[in-house]
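Chemist: Attaching a single structure in structure tokens format; questions to follow.
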Amino acid sequence: MKLVNRFFLAILLFCLSIGVVFADLNGTVIKVLDGDTIDLLTITNQKIRIRLLDIDAPEKGQAYGNASRKYLASLIAGKYVFVKANKKDIYNRTLGTIFYNKMNINAKMVENGYAWAYRYRGKASNKLMVKREKQAKLNNKGLWKDKNPIAPWQFRYRNKQ
């Protein structure tokens, strides 16, 4: 009987830990690594790496990479934010949408031309981000001032070669 109780307790703890991993988060942005990745310090002093969901910002060393990081930092560095967490990526970063004063920061990055709508194998899953990207492109905002901006996934592919 004790073995059965331990088994159910282990399952319960596992289920609770999964719920915590994907729970919404609040905390202070303590580091902006690039235009789509930050470190968040929660109210329980837990440091969590967050990858902004549905966007792809220029890489470090890529045109507009530094501008993208600086723009994101100007929006949220040192600020207390809310993160609508989604899941973990293959690098164990929490994927999420960041809000500051009810402003969707992920969307702000795309609509001001500091990130693309994220695409997986050429297909974007968030149509609103694609719409914002097209609008930024039409208005020559941010990286769209460049005549031939290189998408981050193309930049990564070229540098892998």
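The values are calculated or read from the model by the stated rules, or taken from the named source; none is laboratory data. Keep in mind that what you see is a predicted model, and the values were worked out from it rather than measured. Virtual Cβ from ideal backbone geometry, glycine too; neighbours counted across all protein chains shown. The area values use the complete protein model at the heavy-atom level, side chains included, leaving out ligands, DNA and RNA. Shrake-Rupley method; radii C 1.70, N 1.55, O 1.52, S 1.80 Å.
Chemist: When you scan the stretch 102-129, how many residues do you find that are open to solvent by 80 Å² or more (accessible area, probe 1.4 Å) and part of a helix (DSSP H, G or I)?
Modeler: 2
Chemist: List pairs: first residue in the stretch 142-161 and within 17 Å of Gly122 (Cβ to Cβ), second residue open to solvent by less than 60 Å² (accessible area, probe 1.4 Å) and part of a helix (DSSP H, G or I) anywhere in the structure, Cβ distance under 7 angstrom, at least six positions apart or on different chains.
Modeler: Hits for this filter: Pro149/Leu143.
Chemist: Answer with yes or no whether Arg132 is open to solvent by less than 100 Å² (accessible area, probe 1.4 Å) and either out of contact with any His (no Cβ under 8 Å at 6 or more places or on another chain) or of a type in the set (Lys, Arg) (or both).
Modeler: The answer is yes for Arg132.
Chemist: Condition check: closer than 14 Å to Val32 by Cβ, surrounded by fewer than 19 Cβ atoms within 10 Å (Cβ to Cβ) and not charged (D, E, K, R). Does Ser68 satisfy that?
Modeler: Criteria not met by Ser68.
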